[in-house]
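Contents: one structure, followed by commentary.
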Amino acid sequence: MIHKFRQLGYNIVLDTESNAVHVVDDCAYEMLDLISAPMNENMPEVFIMMLNDFSEEQVRETYSELYELWQKGALFCSDDYRRFSDTMVKSPVKSMCLNVAHDCNLRCGYCFAQTGDFGGERCVMSPETGKAAIDFLIKSSENRENLELDFFGGEPLMAWDTVVETVKYARSVEKQHGKHFRFTITTNGILLDDEKIKFINSEMSNCVLSLDGRREVNDKMRPTVNGGSSYDVIVPKFQKVVEERRRANKDYYVRATFTKNNLDFADDIIHLRSLGFTQLSAEPVVADEKEPYALTMDDLPKIFSEYDRLCEYMADENNPRFNFFHFMVDIDQGPCAIKRLRGCGCGNDYVAVEPHGDIYPCHQFVGIENWKMGNVADGTLNEDIRNYFAKTHIYSKNGCSGCWAKFYCSGGCNANAFIYEGDCRTPHIISCEMQKKRLECALALVVNKSMKEYE
Amino acid sequence: MSHVITINKGNLKATAEKGGCGKCQSSCQSACKTSCTVANQKCEAER
């Protein structure tokens with residue numbers, strides 16, 4: 001299958017199953033509406049009449065080039081991947097989201113963790129449970145060497161002792177087990193101080209810093225517990241974290257959430273860049289459509305135009321440089337096809353652990369009793385749930401196998417599908433539409449860079 | 001003249017046979033946490 005679209009002034013063609021990307025002229029762009037596989041070596045003569053805006057020579061040349069691409073498997077490539085999906089089995093657990101604090105020192109209006117407590121009591125994880133999670137991960141990872149652990153919450157800095165002790169414990173045992181831990185942390189920054197910044201920048205391979213953009217946008221949805229501004233507290237701390245990480249060549253993201261309140265979110269990204277941050281992300285809010293700040297289908301045209309605006313801004317070499325997480329795509333060296341069949345690994349090679357050690361498929365399932373998979377203390381893991389997620393892939397999800405974006409989103413977020421649609425295998429349509437638009441922008445930026453070099 | 005410029009030849013099919021080593025990062029451990037973005041992950045098979 002192919003997907004063709006116009007972005008940044010280019011006619012772009014993605015061949016889904018081969019992952020080939022082409023830039024075509026108007027004649028080829030229109031001709032692609034007329035052809036499908038298998039192609040005949042001889043062009044149908046009717047094309048000359050149907051494409052009468054172009055000369056006969058142009059039409060014949062174009063057909064010849066497209067035919068050559070088809071022969072090479074770079075156009076209308078066949079879909080041979082179902083046979084791999086049919087044999088999908090569960091994988092070793094190698095990645096964990098550790099909810100060290102079910103408590104928070106902000107009161108974000110859109111928090112899917114219900115201001116940090118995930119609908120239960122406010123509590124923090126003990127260092128002993130953190131260490132048990134490390135032992136569980138080492139044991140469950142079987143032959144996997146690279147293990148990932150993200151300190152999450154609530155707000156993980158509220159359980160700082162547990163963070164430090166868990167990291168130190170993991171470092172003390174990783175070599176004897178032949179493992180390498182990669183730690184990350186997702187924080188709102190309120191409790192950052194020099195000691196924590198030093199530890200984070202030393203131990204965490206990536207850190208995600210939550211900030212929504214302009215002061216008024218951020219503070220409307222991310223107030224402090226007493227309703228004050230978090231922006232003024234956080235920004236100088238994040239700038240310090242980032243300055244040190246940049247010197248150490250370590251990754252970070254400043255991660256914004258956008259809602260119906262800031263559908264002009266490109267301005268928030270540009271604002272974050274003006275603060276000196278260059279690794280940026282803006283996630284659509286996850287919220288019940290009944291919430292006044294929730295994104296709905298009616299918002300999509302404005303969201304799309306905003307992604308267009310951001311894409312054009314980034315393509316303009318006169319503007320400050322930055323990376324935008326959702327516009328980053330490596331079309332040549334990206335993940336293998338097997339990885340792309342089921343994406344995030346939720347409930348399979350990725351799990352979340354809450355403060356008492358209970359295990360859930362991912363951080364967004366935490367607190368939903370039916371999805372509890374076990375506990376790190378006794379090492380149990382619900383095999384039925386694991387097998388379910390092992391078999392949840394783009395060929396078992398409703399509508400994914402016929403979608404051009406399937407190898408880029410890998411079927412989308414299972415939690416979003418469950419929360420909105422009541423079924424992990426029924427993708428959330430608004431998320432799909434936004435994802436597809438972001439992918440078009442991402443591919444256009446790749447094309448733009450290549451074409452500039454080509455010229 | 002050329003009517004098509006190929007930006008990427010497309011090697012996805014070749015990655016299927018030897019893929020699935022599991023060395024790469026889980027996508028939600030990067031920056032998203034609420035959406036599934038896979039294609040910007042790096043293949044780490046040769047590390």
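This table checks each residue for (1) touching a Gly at 6+ places or on another chain (Cβ under 6 Å); (2) within 14 Å of another protein chain (Cβ to nearest Cβ); (3) closer than 20 Å to A:Glu354 by Cβ.
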{"site": "A:Phe112", "(1), (2), (3)": "no, yes, yes"}
{"site": "A:Glu128", "(1), (2), (3)": "no, no, yes"}
{"site": "A:Phe151", "(1), (2), (3)": "no, yes, yes"}
{"site": "A:Ala159", "(1), (2), (3)": "no, no, yes"}
{"site": "A:Val163", "(1), (2), (3)": "no, no, yes"}
{"site": "A:Gly178", "(1), (2), (3)": "no, yes, no"}
{"site": "A:Asn188", "(1), (2), (3)": "no, yes, yes"}
{"site": "A:Met204", "(1), (2), (3)": "no, yes, no"}
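Examine the range A:419-433 for a residue that is closer than 28 Å to A:Cys123 by Cα and either of a type outside the set (Asp, Glu) or more than 11 Å from chain B (Cβ to nearest Cβ) (or both), and state whether such a residue exists. Yes, the conditions are met somewhere in the range A:419-433. Among residues that are in a loop (DSSP other than H, G, I, E, B) and either aliphatic (A, V, I, L, M) or away from every other protein chain (no Cβ under 12 Å) (or both), A:Glu17 is not included.
Taken together, the criteria place A:Val164 among residues that are part of a helix (DSSP H, G or I) and under 28 Å from A:Ser230 (Cβ atoms).
Considering (1) surrounded by 20 or more Cβ atoms within 10 Å (Cβ to Cβ); (2) at pLDDT below 95, the lone condition that A:Ala74 does not fulfil carries the number (2). Screening A:Met221 against (1) farther than 23 Å from A:Ala113 by Cα; (2) surrounded by fewer than 24 Cβ atoms within 10 Å (Cβ to Cβ); (3) hydrophobic (A, V, I, L, M, F, W, C) leaves a single unmet condition, (1).
Restricted to the range A:127-149, and to residues there that are under 18 Å from A:Asp349 (Cα atoms) and in contact with a Pro (Cβ under 9 Å, 6 or more places away or on another chain), the residue that is surrounded by the fewest Cβ atoms within 10 Å (Cβ to Cβ) is A:Asn143. Within the range A:38-72, being among the charged types (D, E, K, R) and in contact (Cβ under 8 Å) with a residue 12 or more places away in the chain holds for A:Glu41, A:Asp53, A:Arg60, A:Glu65. From the list A:Leu209, A:Leu191, the one residue that fits, being over 30 Å from A:Pro301 (Cα atoms), among the aliphatic types (A, V, I, L, M) and not in a helix (DSSP H, G or I), is A:Leu191. Residues considered: A:Val233, A:Val242. Of these, the only one that is touching a residue at least 40 places away in the same chain (Cβ under 8 Å) and either at positive phi or not hydroxyl-bearing (Ser, Thr, Tyr) (or both) is A:Val233. Kindly evaluate A:Leu147 against the criterion of being over 20 Å from the mean Cα position of the chain (by Cα) and not in a helix (DSSP H, G or I). Criteria not met by A:Leu147.
The values are calculated or read from the model by the stated rules, or taken from the named source; none is laboratory data. Everything numeric here is computed off the predicted structure, so don't read it as measured data. Because the Cβ atoms are built from the backbone with ideal geometry, glycine has one as well, and the counts that use them run over all protein chains shown.
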